[in-house]
1. For segment 41-86, how many residues are touching a strand residue (DSSP E or B) at 6+ places or on another chain (Cβ under 6 Å), modelled with pLDDT of 90 or more and part of a helix (DSSP H, G or I)?
2. For residues that are without any contact (Cβ under 8 Å) to a residue 12 or more places away in the chain, of a type outside the set (Ser, Thr, Tyr) and either closer than 13 Å to Ala83 by Cα or open to solvent by 70 Å² or more (accessible area, probe 1.4 Å) (or both), tally how many sit in segment 24-47.
3. Of a type in the set (Gly, Ala, Ser) and either under 14 Å from the mean Cα position of the chain (by Cα) or not in a loop (DSSP other than H, G, I, E, B) (or both), is that true of Ala223?
4. Can you run down the residue pairs with Cβ atoms below 7 Å, 6 or more apart or on separate chains, where the first is in segment 359-380 and touching a residue at least 12 places away in the same chain (Cβ under 8 Å) and farther than 16 Å from Asn337 by Cβ and the partner is hydroxyl-bearing (Ser, Thr, Tyr) and open to solvent by less than 40 Å² (accessible area, probe 1.4 Å)?
5. Considering only residues that are within 18 Å of the chain's Cα centre (by Cα) and open to solvent by 20 Å² or more (accessible area, probe 1.4 Å), look in segment 151-185 and name the one that is farthest from Gly122 (Cα to Cα).
6. When residues of segment 270-304 are filtered for being farther than 18 Å from Gln258 by Cα, without any contact (Cβ under 8 Å) to a residue 40 or more places away in the chain and not in a loop (DSSP other than H, G, I, E, B), how many remain?
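The values are calculated or read from the model by the stated rules, or taken from the named source; none is laboratory data. The shown structure was predicted, so the numbers you read here are calculated from the model rather than taken from an experiment. Here the Cβ is made from the backbone with ideal geometry for all residues, glycine too, and neighbour counts use every protein chain on show. Side chains included, ligands, DNA and RNA excluded: accessible areas come from the protein's heavy atoms. Shrake-Rupley method; radii C 1.70, N 1.55, O 1.52, S 1.80 Å.
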Amino acid sequence: IIGEAQPAASSFADGDPRPVQLLCLSAKTEAGLQQFVQDTRRRLASTPDTSFPDLCYTANAGRSPFAHRLSICAGDRQAAMDALQARLDGKPGPGLKESVIRSSQAPKIAFLFAGQGVQHAGMGRDLYETQPVFRNALRACENILDGRMDHALTAVLYDPQHQALLERAVYSQPATFAVEYALAKLWESWGIEPAIAMGYSSGEYTAACIAGAIRLEDGLRLACLTGLMENLTGTGMMAAVQLDEAAVDAAIAAWAGQVAIAAVNGPTHTVISGPGGAVGEAVERFESKGIKCHRLNISHGFHSSLVDPLLDDFEREAGNIKFTTPRMGLISGLTGNLVSRAELSDPAYWSRQFRKTVRFAAGLQTLRQHDCDALLELSPQPV
């Protein structure tokens, strides 16, 4: 004995009140996995006094992962036992996933951050109440935003008396940034590390922050500046058109200077933006020809001439930001290519990024060229 005994480690369940647990099992062969499933179910049944989160933690962290894998999402011990029994009976079990890993190399993951229009009342509430990492990240954003917003971030997100404020861009933009930033920190705390980050429109601020190109304070500063859209005359409209970019560009020539192509999301998915009247007329023209359109749940015409009065402010603010070399690949929404520190440091880049077309489809192709295996969308809702 060379030292005093250390205090016993606290239970994994202490401070981990997550509503759903993940139970992971693996084996070298299918037969081995089947036996492990049977043993695990028996253990769950025979140890009713042992914490279910502790059992999951031990199963997940205490063994090396092998090729034949099984995972179960379960809210309690009985739900896990039911899923394991279904697996033993050869039936699909609730929350049960299986795979056989063919490569020992970890997957290459990209984090994708959404832009405008994804906000909703109470977004992230369960995570805020149960996950300390998420809660601390959100509070860090709230402290930075103190003085920049008239109401506290958590009040805007979770107080029913203030949640209507999320309909205003001056609140929705920094709130969305904060939630997506907190989501990224939560995934990273679970060991899910991105190799590349990409943001859609204003989501690029969060991507740049997670990539280490800008500080959290500066990302929130840009998000707040985007929120000033609500102070401009005319709110505008955005709509998705199921048509390729060239065809849409030719069709909107009738509204030159008003309707712009805001984003190219895929070969036949193009977003237009501009004053509500002009965009509405363009949508009616498309629909009269049998082309499907979808008006977006966004009250402002981002990436159109409506944002021009803010461009000088964007360049001025960006000129006060110190950019560093991203610690991972960072894809530009302006070009769809990997972006360098030199490009990011140019204040004009950010005004163009705010004004010009979002090249999301091109960004996806770049992710494919860099052999990303999984794209993880960090957003309050899937878009």
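1. Residues that pass the stated criteria total 4.
2. Narrowing segment 24-47 to residues without any contact (Cβ under 8 Å) to a residue 12 or more places away in the chain: 31, 35-36, 39, 42, 46-47.
Next cut, of a type outside the set (Ser, Thr, Tyr) only: 31, 35-36, 39, 42.
Narrowing the set further to residues that are either closer than 13 Å to Ala83 by Cα or open to solvent by 70 Å² or more (accessible area, probe 1.4 Å) (or both) leaves 31, 35, 42.
Count: 3.
3. Details: of a type in the set (Gly, Ala, Ser): yes; either under 14 Å from the mean Cα position of the chain (by Cα) or not in a loop (DSSP other than H, G, I, E, B) (or both): yes.
So Ala223 fits the description; yes.
4. Pro380/Thr176
5. It comes out as Lys185.
6. 2
Residue-by-condition table, conditions (1) touching a residue at least 12 places away in the same chain (Cβ under 8 Å); (2) under 17 Å from Ala27 (Cβ atoms); (3) exposed (fewer than 15 other Cβ atoms within 10 Å of the Cβ):
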{"site": "Asp49", "(1), (2), (3)": "no, no, yes"}
{"site": "Arg63", "(1), (2), (3)": "yes, yes, yes"}
{"site": "Ala67", "(1), (2), (3)": "yes, yes, no"}
{"site": "Gly75", "(1), (2), (3)": "yes, no, yes"}
{"site": "Lys97", "(1), (2), (3)": "yes, yes, yes"}
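For (1) open to solvent by 50 Å² or more (accessible area, probe 1.4 Å); (2) farther than 30 Å from His120 by Cα, each residue gets a yes or a no:
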residue	(1), (2)
Thr270	no, no
Gly274	no, no
Ala278	no, no
Lys289	yes, yes
His294	yes, no
Leu310	no, no
Glu317	yes, no
Trp350	no, no
Ala361	no, no
